[in-house]
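Heads up: the structure comes next, in structure tokens.
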Amino acid sequence: MKKTIFLALLLISYSGFAQTSVKTQAEKPGISVKKITERFLKTPSVKNAVTGIHIKALGKKKNIVCHNENKLMIPASTMKTLYAFYALETFGNDFRWETSMVYSGAIENGVLHGHLILRAGGDPAFGGQIDTKDYKTLIAEMINALKNKGISEIEGNFIMQLPGNRYPAHGSWPIEDIGNYYGTGAWGFNFNDNLYKLFIRTGKPGEPLQIVRSEPEIPGLKISVRSTTAPPGADDTSYLYADPTSYTQTLIGQIPQTKSLYVIKGAIPNPPQTFLRILENEIRNNHIHINGQVRLSYAYDYYENEQLLWRHFSPKLIDIVKRTIDKSVNLYSEALARLVIEKNKTSDHYLNKEEINAYFKSKGFRLIDLEDGCGLAPDNLIAPVEFTRFFDDMVRKKGTDYVLDILSRGGKDGYAQYFLKNSPVQSRVWLKSGSVSKVMNYVGVFQGLSGKYYGFAIMVNHFSDKHKTVKKEIEKYLENLIFKL
């Protein structure tokens, strides 16, 4: 009964709308998909933007909506779906990254006559939110492993070996992003999701801010404060500006006045070097002396008769993928991209653009030009039709349930729990969102009231309205399609 009333209202609200160049399926009685799409494209928030839409029936050649479907659009985080699915397809749900601590030489009277090596594998989740243990617990395990071997002195060097000299920030990443927690990128070693919290005391409006502490405490970190206190209730406009390898960061912008300490999330500078400094301090605090150098190495060097002291495995790949999709974690997606493009081999610098695009062309993509592994680069480009073709291929190979299980379900998973909130069709959408400045996209799968499944890509670029306004228009459009189909 509710469905009948809703469709009747749609007929009234959409009647008499003008024709556009939108190509759709043949119209059904009553309000058509074509008119629903025309209405969406003429909304004030969308009409002056660049919009691309492609909707197709999964498992069939039938296109439902084609509007700028071949136009190259900025995908933002929607492209995380590509790396997520291909990582699982190539390495399997149970793949794990490994981090280990080994030693070379012999132990005599508490002295290690050799080197201590922490061998990193690029685990993006080491000591992070979805790991089984936090980084402090993992450090304690390493210290206990040394003590259990009776080591009180290391005659040789303490070396962290990394899978190459990776630089995490791609050339086109905005400078205002890379000093903040979401812009950290994936290093050869990562910990605590490469996130630190900066605790700040505000003053009166217009007064400077005071840095109180950071967690974790980062040896050598210096914050230059060029930020002031804003009136209570004002927007937080603060950003941390930094080179990813530098221990000098600059805080710019305003923070609203608060009685309690205000917290900003920053990107840990040079996570491998920072963790090595923290671990070295803990080793020395536990009265274990290091006589040699404490340094990073950007290659795996193996020694004769190595002995394993300790090791740790990441969460399963499926768990990291789900977190990547549900919470749009750039660090995790960049690590997945390394896995997919480089097959987990050692590599230097950031991901190679030519290798990225060669990989996707080998998978049948044509209308695509990608720069990074997460969507933070504004130079990333992909056409809506490539997403729907991708979902269609995955459904054909793996089945609908497989695809739906990986995507975030409306009203349930991650950020998707807020999409189509309070709508009766919320649970009929499985999606990934993507949003940067003046860009709002949604891709995924929806189930029409008929029970049929459709792949969709709705991409709105270069708009001037508020993001939340554009989001509401996309939600309304998708809701109307679900009721119609």
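Numbers at a glance
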{"item": "Enumeration of residues in region 47-64 that are over 26 Å from P378 (Cα atoms), in contact (Cβ under 8 Å) with a residue 12 or more places away in the chain and more than 28 Å from the chain's Cα centre (by Cα)", "result": "A57, G59, K62, N63, I64"}
{"item": "Pair list, Cβ < 8 Å and 6+ apart or interchain, from region 84-111 residues that are crowded, with 17+ Cβ neighbours inside 10 Å to residues that are assigned to a helix (DSSP H, G or I) and among the hydroxyl-bearing types (S, T, Y)", "result": "A84/T324; A84/S333"}
{"item": "Whichever residue in region 184-202 is modelled with pLDDT of 95 or more and small (G, A, S) and, among such residues, is farthest from I130 (Cα to Cα)", "result": "G188"}
{"item": "Looking only at region 184-205, and only at residues there that are touching a strand residue (DSSP E or B) at 6+ places or on another chain (Cβ under 9 Å) and in a loop (DSSP other than H, G, I, E, B), the one that is surrounded by the fewest Cβ atoms within 10 Å (Cβ to Cβ)", "result": "K204"}
{"item": "Hey, K353 surrounded by fewer than 17 Cβ atoms within 10 Å (Cβ to Cβ) and not assigned by TED's automatic domain parsing to the domain that holds N165 or not", "result": "no"}
{"item": "Number of the condition not met by K61 [criteria: (1) at pLDDT 95 or above; (2) surrounded by fewer than 19 Cβ atoms within 10 Å (Cβ to Cβ); (3) out of contact with any strand residue (DSSP E or B) (no Cβ under 6 Å at 6 or more places or on another chain)]", "result": "(1)"}
{"item": "Test: Q210 is surrounded by fewer than 17 Cβ atoms within 10 Å (Cβ to Cβ) and of a type in the set (S, T, N, Q)", "result": "yes"}
{"item": "Long-range neighbours under 7 Å by Cβ, at least six apart or interchain, first residue touching a residue at least 40 places away in the same chain (Cβ under 8 Å) and over 13 Å from N190 (Cα atoms) within region 141-168, second assigned to a helix (DSSP H, G or I) and of a type in the set (S, T, N, Q)", "result": "none"}
{"item": "The lone exception for D413 - which of (1) under 26 Å from Q426 (Cβ atoms); (2) free of Cβ contacts under 8 Å to residues at least 12 places away in the same chain; (3) not polar (S, T, N, Q) it fails", "result": "(2)"}
{"item": "Residue match in region 283-295 (condition: crowded, with 18+ Cβ neighbours inside 10 Å and either hydroxyl-bearing (S, T, Y) or in contact with a Gly (Cβ under 7 Å, 6 or more places away or on another chain) (or both))", "result": "no"}
{"item": "Pair list, Cβ under 8 Å, 6 or more apart: region 217-246 residue within 21 Å of W187 (Cβ to Cβ), other residue of a type in the set (F, W, Y) and surrounded by 13 or more Cβ atoms within 10 Å (Cβ to Cβ)", "result": "I218/Y196; I218/Y247; G220/Y247; L221/Y247; K222/Y247; P244/Y167; T245/Y167"}
{"item": "Condition check for Y239: of a type in the set (F, W, Y) and closer than 11 Å to Q254 by Cα", "result": "yes"}
{"item": "Exclusive hit being surrounded by 18 or more Cβ atoms within 10 Å (Cβ to Cβ) and either outside the structural domain of M394 (by TED's automatic domain parsing) or in contact with a Leu (Cβ under 9 Å, 6 or more places away or on another chain) (or both), set R323, R338", "result": "R338"}
{"item": "Among the residues listed as I223, I175, the single one being closer than 13 Å to I252 by Cα, among the β-branched types (V, I, T) and under 22 Å from the mean Cα position of the chain (by Cα)", "result": "I175"}
{"item": "Residue check, N422 under 20 Å from the mean Cα position of the chain (by Cα) and of a type in the set (S, T, N, Q)", "result": "no"}
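The values are calculated or read from the model by the stated rules, or taken from the named source; none is laboratory data. Everything quoted here is computed from the prediction, not taken from an experiment. Backbone-built Cβ (ideal geometry, glycine too); neighbour counts: all protein chains shown.
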